[in-house]
Amino acid sequence: MNETAAAPIRGAPDTAKEYDRTVALLEHIATPADVRKLSPAQLDDLADEIRQMLIQKVSATGGHLGPNLGVVEMTIALHYIFDSPNDPIIWDTSHQSYVHKILTGRGGQFDTLRKKGGLSGYTARAESEHDWTESSHASASLSYADGLAKAKALMGRDGDNVVAVVGDGALTGGMCWEALNNIAAANRNVVIVVNDNGRSYSPTIGGFANNLTKLRDQLAALRMQPAYDEVMESGKKTLKSMGWVGERTFDALHALKEGVKYQVLPTEMFPELGMKYVGPVEGHDIKSLLNAFKYAKRYEGPLIVHVVTEKGHGFAPAVNNVADQMHSTGVIDPVTGRSLASSEPGWTSVFTKELLRAGHERDDIVAITAAMAGPTGLQPFAEQFPDRFFDVGIAEQHAVASASGMALGGLHPVVAVYSTFLNRAFDQLLMDVGLINQPVTLVLDRAGVTGSDGASHNGVWDMAIASIVPGIRIAAPRDAARLREEFSEAIAVDDGPTVVRFPKGAVGADIDALERLSGGTDVLSRLDGEGTEDDIDVLIVAVGAFAKYGLEVAEAVLADGIRATVVDPRWVIPVSSDVLELAAEADLVVVYEDGVVRGGVGSAVAEALAAAEVDTPVRQLAFPDIFPLHASRGEILQEYGLDPASAAAQVREWAASLADPEN
């Protein structure tokens, strides 16, 4: 091995460590400058160390193992060539940023990954100056890069590069193409690294695949030669100066060039944008990556580097995982890859079975997903009803607008997305579905707090967002039986949009009602008989899965002279007349929900009571105006006073203030 350190691409900061051959390479890495002190030959060893570290650490904590194993060499090469943070590296979605975190000094914190107060599973600005963004919503990186490049140009730093790493999956999002249209129109130094871990490049066609691999290498090497650009530009000018004959000749040569290009690269991925293209580059070959990124760094203007990677690379259980190559795992065995967590029936599986039942009973039921058929439970429907299943890619806006078109055509679409991704399709829900009263059912998985996935994956905004759509109906089932029931009711609606939301995780036992009122509200708990004169009668309106907690609160406060009736409205929007009638008889109404205070169910109940001239005070147990950070679900609920013990304490305080208004 050559132990002579390679000259860094840019001057290394003073904090860079001196290389000591007696310890592991990772022990030397505190900044990207330390990476650049290694020789190119040492980078393969560094990649091996990082890969083993990822397998050990992520197996213990859970996280996005497969995607990060696939970008080890690419991330090392990026930090070896570019000068982060002067050359910003923007990670689209950023679930694949673990290696980036290791190379920027956070390797020693991986035991805390996705834990409260520990490392985020995504880039986080509070953690490092090398992290520029935080949202885990896909397809935004190119827009960030466009904006950063514009800012650098205006501030006299147009010699810097801005790097955006975007997956082939994220490129299905329309926002990427909007950004590309703007990036291509300027001459700013934006380097777009396409992390292509799709399977369209796997060696499945024998000898042709081997020849194609050689062609990719030759084509990539050719395109990175400075003379290539000069010859093409010179040839273009010379031929076009020869009149129509030259024009025809140039067109023919250009078509031949593009024909070779499109044998290597799918035509649907990169339309003719007028941008320089380099690739495909073997994503696990350090030498090829360094050459490609060196070329990209010195190239003036926007450029695409197409890197072909293998998700889960170096860990056989991930590579051989047919479903998703261990895109995201819980705690697993670091050798076999088998899950070490106990498995319980989940909300998603209940929905899957109910959707299949509806599909067999009704030919008009169609299912739509935005690149998440597996996680949202639609894969079995896709297998049984392939003609009635539509995966639109990472395009929630299109999913909802297309669903409206299907509804106009006589179908009843079921759009299944994570709650957090409804944010992206609000305009379509409001204007393309709600305005024309189309029967589209949105099923929102991972509603409420998702826990370790962090701020941008929480689903605490869906009720506030959706509830302002005129005529919409929103259901929040408390258990599996109610999920089946309310989904069935939702797809029976034919005069407007419906939403069915449920949380992440195990569904738990069914909670039977004492009584169902005429407006559809379930009474879960109430005390019969008269109380004492000093008792405070409280109506607890428990939303969805918080019904279980509402019952715990009612039991906890009984000894304090608080007689609590717990109800589950089932359909939380619009507010049921049952809730208004019960509220009129209570001393206090407490709405207990896993959404935000502003615009949530509590706000809707308060507005409905005011409109009905019911003056019973309303209090809300919900999330304040914050972005809940990563932690376990229980830890987050406790932090914001939404666990049963904290909620009971708050109800006692409110009841005491009613009993003694002067204190």
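Remarks
- Looking only at residues in region 418-449 that are among the β-branched types (Val, Ile, Thr) and open to solvent by less than 10 Å² (accessible area, probe 1.4 Å), the one that is farthest from Ala545 (Cα to Cα) is Val433.
- Once region 323-340 is narrowed to residues that are under 21 Å from the mean Cα position of the chain (by Cα) and open to solvent by 50 Å² or more (accessible area, probe 1.4 Å), the residue that is nearest to Gln379 (Cα to Cα) is Ala323.
- Of all residues making up region 372-391, the number that are closer than 20 Å to Leu422 by Cβ and either touching a Pro at 6+ places or on another chain (Cβ under 9 Å) or of a type in the set (Gly, Ala, Ser) (or both): 4
- Looking across region 528-547 at every residue that is outside any helix (DSSP H, G or I) and under 25 Å from Val449 (Cα atoms), the one that is nearest to the chain's Cα centre (by Cα) is identified as Val543.
- Any hit, region 568-591, residues being of a type outside the set (D, E, K, R), farther than 19 Å from Leu527 by Cα and modelled with pLDDT under 95: no
- Near pairs, Cβ below 7 angstrom, 6+ apart or cross-chain, from region 490-501 (surrounded by fewer than 24 Cβ atoms within 10 Å (Cβ to Cβ)) to any residue that is in a loop (DSSP other than H, G, I, E, B) and basic (Lys, Arg): none
- Identity of the residue in region 296-324, within 30 Å of Pro375 (Cβ to Cβ) and charged (D, E, K, R), that ends up modelled with the lowest pLDDT: Asp324
- Condition broken by Gly550, with the remaining ones in (1) farther than 15 Å from Ala649 by Cα; (2) in contact with a strand residue (DSSP E or B) (Cβ under 7 Å, 6 or more places away or on another chain) satisfied: (1)
- Test result for Pro380, in a strand (DSSP E or B) and either over 24 Å from the mean Cα position of the chain (by Cα) or without any contact (Cβ under 8 Å) to a residue 60 or more places away in the chain (or both): no
- Test for Ala399: is it of a type outside the set (Ser, Thr, Tyr) and touching a helix residue (DSSP H, G or I) at 6+ places or on another chain (Cβ under 6 Å): no
- Residue match in region 73-83 (condition: at pLDDT 95 or above and aromatic (Phe, Trp, Tyr)): yes
- Residue among Asn291, Asn321 that is touching a residue at least 40 places away in the same chain (Cβ under 8 Å), in a loop (DSSP other than H, G, I, E, B) and polar (S, T, N, Q): Asn321
- Meets criteria (modelled with pLDDT of 95 or more, among the basic types (Lys, Arg), out of contact with any Gly (no Cβ under 7 Å at 6 or more places or on another chain) and closer than 20 Å to Gly544 by Cβ) for Arg598: no
- Residue check for Ile536: within 17 Å of Ala416 (Cα to Cα) and of a type outside the set (S, T, N, Q): no
- Annotation: Gly544 fulfils all but one of (1) buried (at least 21 other Cβ atoms within 10 Å of the Cβ); (2) closer than 13 Å to Val590 by Cα; the unmet one is (2).
- Every test in (1) open to solvent by less than 60 Å² (accessible area, probe 1.4 Å); (2) at pLDDT below 95 is passed by Ser343 save one, and that test is (1).
- Any chance Thr112 is under 28 Å from Gly459 (Cα atoms) and among the polar types (S, T, N, Q): yes
- Going through (1) in contact with a helix residue (DSSP H, G or I) (Cβ under 9 Å, 6 or more places away or on another chain); (2) closer than 30 Å to Ser632 by Cα one by one, Cys176 falls short only on (2).
- Failed item, numbered, when Gly359 is tested on (1) open to solvent by less than 70 Å² (accessible area, probe 1.4 Å); (2) modelled with pLDDT under 90; (3) small (Gly, Ala, Ser): (2)
- Scan of region 433-454 for residues that are within 15 Å of the chain's Cα centre (by Cα) and in a strand (DSSP E or B), ordered by number: Leu444, Asp445, Gly448
- Top-ranked residue in region 385-406 [being touching a strand residue (DSSP E or B) at 6+ places or on another chain (Cβ under 6 Å) and surrounded by fewer than 24 Cβ atoms within 10 Å (Cβ to Cβ); ranked as modelled with the lowest pLDDT]: Asp391
- Restricted to strands (runs of 3 or more DSSP E) entirely inside region 548-663, those with at least 2 residues that are open to solvent by 30 Å² or more (accessible area, probe 1.4 Å) are 562-568, 618-623.
The values are calculated or read from the model by the stated rules, or taken from the named source; none is laboratory data. Being a predicted model, the structure only gives us computed values, none of them experimental. Note: ideal-geometry Cβ built from the backbone for every residue, glycine included; neighbour counts use all protein chains shown. Please note that ligands, DNA and RNA were not included when accessible areas were found on the heavy atoms of the full protein model with its side chains. Shrake-Rupley method; radii C 1.70, N 1.55, O 1.52, S 1.80 Å.
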